[in-house]
Amino acid sequence: MLTGDRPTGALHIGHYFGSIRNRVKLQRSGAEIWQLIADYQVITDREVAGDIRGSVTNLLVDNIAAGLDPEQATIFTHSSVPALNQLMLPFLSLVSVAELQRNPTVKDEARTAGITSIGGLLLTYPVHQAADILFCKANVVPVGRDQLPHIEQTRVIARRFNDRYGHVFPEPDALLSEAPLILGTDGTKMSKSKGNVIELRMSADETAKKIKGAKTDAERHITWDPDHRPEVANLLQVISLCEGTDPEQVAAEIGDGGGGALKARLTDAVNTELAPLRERRNELAADVGYLTSVLAAGNERANQMAEATLAEVRDAMGMDYR
Ligand code: ATP
Ligand code: MG
């Protein structure tokens, strides 16, 4: 398994329900886990990376607190793995500009960031991401719905490479969770870069405050109607994911309690679900030496894997001159 997050902030409940729970499940089932902190991807839709060191630390702490075990999982930053990045060159030769320009997630991200002229890295980062996924020959990638076009692009690149040079890469599958798109407090996709998030690291009080400001609708009676009441349905879904209950049943129980009761129940549910993670998080965040050693060990393992795959690629392409 490979999956990744951009170090653009701290992880939120969209990551938790959209991807992290599947990461931990796969780890328990004995899968080989590669967890990427996608630092070069930060500068796809902004000029400077900001407090990237702080964000890298946040991702390390969030993932480990959520259950990733650094003994079993290789956690690494792709800027530290030169051979991985070199895979992008042959991969770029396998895609057309028109194909890249059609990618709906890239278009969405450009729109969200207010970018009118798409830069070279934003256009090609799905190819870079194919290198992330294929350098360790991952065959399963737990992701949210926004990532499906990129996984499809990765499958196409693997197939074209294998057709041209002989079999080297698997065609990986996306693994969607039961919550592939958690909405933020403004009713659009919850995203680190948008400030519409409930972060894993927030205190119980901060969580309550954030939820109080969440968008609902004018209808007082609470019903489960994802097609017509997406914001209310999203809050009900998060409650049911935390409690392991049925969202329709939760809606019936709240009924005329309205948005106030809905938000009170959500606050309790989120704070209860995240309490153990938050406690582990606080302990981990204080142990800087441990975090540094986890990343150093992960980067070393990732470099070994990337060198081996790059050697195989050069060999397949007839470029092994040693
Ligand atoms: P950014 O705003 O910086 O792009 P992000 O919140 O979109 O941040 P990413 O690091 O881009 O987070 O995504 C990491 C993973 O989490 C991806 O697999 C993505 O699909 C998943 N993910 C992100 N947001 C959500 C969401 N709201 N619901 C479900 N999954 C999500
Ligand atoms: Mg994103």
Kindly list, by first and then second residue, each pair from a residue in region 92-105 that is over 10 Å from L123 (Cα atoms) to a residue that is acidic (D, E), limited to pairs with Cβ atoms under 6 Å and residues at least 6 apart or on different chains. T105/D146
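Say whether the condition of being in the same structural domain as Y125 (by TED's automatic domain parsing), within 16 Å of ligand 2 (Cβ to nearest atom) and of a type in the set (D, E) is met by at least one residue in region 42-50. If you could, list the steps in order and put the result at the bottom.
Let us first name the residues in region 42-50 that are in the same structural domain as Y125 (by TED's automatic domain parsing), namely 42-50.
Then keep just the ones that are within 16 Å of ligand 2 (Cβ to nearest atom); that gives 42-46, 49-50.
The next check asks that each one be of a type in the set (D, E); those that pass are 45.
Yes, there is a match, as at least one residue in region 42-50 is in the same structural domain as Y125 (by TED's automatic domain parsing), within 16 Å of ligand 2 (Cβ to nearest atom) and of a type in the set (D, E).
For region 190-225, give me each residue that is among the charged types (D, E, K, R) and either more than 16 Å from ligand 2 (Cβ to nearest atom) or over 30 Å from I43 (Cα atoms) (or both). Show your work before the answer.
First, the residues of region 190-225 that are among the charged types (D, E, K, R): 192, 194, 199, 201, 205-206, 209-210, 212, 215, 217, 219-220, 225.
Answer for region 190-225, where residues must be among the charged types (D, E, K, R) and either more than 16 Å from ligand 2 (Cβ to nearest atom) or over 30 Å from I43 (Cα atoms) (or both): R201, D205, E206, K209, K210, K212, K215, D217, E219, R220, D225.
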Kindly indicate the residue of region 183-201 that is at pLDDT below 95 and of a type outside the set (G, A, S) and also farthest from ligand 1 (Cβ to nearest atom) among those meeting that condition. K194
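Can you name the residue in region 60-107 that is of a type in the set (S, T, N, Q) and assigned to a helix (DSSP H, G or I) and, of all such residues, is nearest to the chain's Cα centre (by Cα)?
Looking only at region 60-107, we keep the residues that are of a type in the set (S, T, N, Q), and these are 63, 72, 74, 77, 79-80, 85-86, 93, 96, 101, 103, 105.
Checking the rest, the ones that are also assigned to a helix (DSSP H, G or I) come to 63, 79-80, 85-86, 101, 105.
Numbers: N63: 11, S79: 18, S80: 19, N85: 19, Q86: 23, Q101: 22, T105: 14 Å.
Within region 60-107, the match that is nearest to the chain's Cα centre (by Cα) is N63.
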What are the residue pairs meeting all of these: first residue in region 179-192, first residue on the phi < 0 side of the Ramachandran plot and free of Cβ contacts under 8 Å to residues at least 12 places away in the same chain, second residue buried (at least 18 other Cβ atoms within 10 Å of the Cβ) and in a loop (DSSP other than H, G, I, E, B), Cβ atoms under 7 Å, and 6 or more apart or on different chains? T188/N196
Do we have any residue at all in region 118-125 that's buried (at least 18 other Cβ atoms within 10 Å of the Cβ) and within 13 Å of ligand 2 (Cβ to nearest atom)? yes
Can you pull out every residue in region 1-45 that is closer than 16 Å to E178 by Cβ, more than 12 Å from the chain's Cα centre (by Cα) and not aliphatic (A, V, I, L, M)? K25
If I filter region 171-180 down to residues being buried (at least 16 other Cβ atoms within 10 Å of the Cβ) and part of a loop (DSSP other than H, G, I, E, B), which single residue comes out as farthest from ligand 2 (Cβ to nearest atom)? P172
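What number of residues within region 40-87 are farther than 24 Å from A311 by Cα and of a type in the set (S, T, N, Q)? Break it down into steps so the answer makes sense when it comes.
Restricting attention to region 40-87, the residues satisfying the condition of being farther than 24 Å from A311 by Cα are 41-72.
Okay, now just the ones that are also of a type in the set (S, T, N, Q), so 41, 44, 55, 57-58, 63, 72.
Matching residues across region 40-87 total 7.
Is there a residue being among the small types (G, A, S), part of a helix (DSSP H, G or I) and buried (at least 23 other Cβ atoms within 10 Å of the Cβ) anywhere in region 129-136? Walk me through it before giving the result.
Keep residues of region 129-136 that are among the small types (G, A, S), which gives 130-131.
From what's left, part of a helix (DSSP H, G or I): 130-131.
Restricting the remaining residues to those that are buried (at least 23 other Cβ atoms within 10 Å of the Cβ) gives 130-131.
Scanning region 129-136, I find at least one residue that is among the small types (G, A, S), part of a helix (DSSP H, G or I) and buried (at least 23 other Cβ atoms within 10 Å of the Cβ), so the answer is yes.
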Looking at the structure I just gave you, is G120 more than 22 Å from Q35 (Cα to Cα) and at pLDDT 95 or above? yes
Residue in region 1-39 that is nearest to ligand 1 (Cβ to nearest atom), counting only those that are more than 25 Å from Q304 (Cβ to Cβ) and assigned to a loop (DSSP other than H, G, I, E, B): T8
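Being over 28 Å from G120 (Cβ atoms) and either within 9 Å of ligand 1 (Cβ to nearest atom) or part of a loop (DSSP other than H, G, I, E, B) (or both), is that true of even one residue in region 43-57?
No, region 43-57 has no match at all.
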Please work out if H167 is without any contact (Cβ under 8 Å) to a residue 40 or more places away in the chain, surrounded by fewer than 15 Cβ atoms within 10 Å (Cβ to Cβ) and assigned by TED's automatic domain parsing to the domain that holds H15. yes
Among the numbered conditions (1) within 20 Å of the chain's Cα centre (by Cα); (2) at pLDDT below 95, tell me where A218 comes up short. (1)
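The values are calculated or read from the model by the stated rules, or taken from the named source; none is laboratory data. No experiment lies behind these values; they were computed from the predicted model shown. Note: ideal-geometry Cβ built from the backbone for every residue, glycine included; neighbour counts use all protein chains shown.
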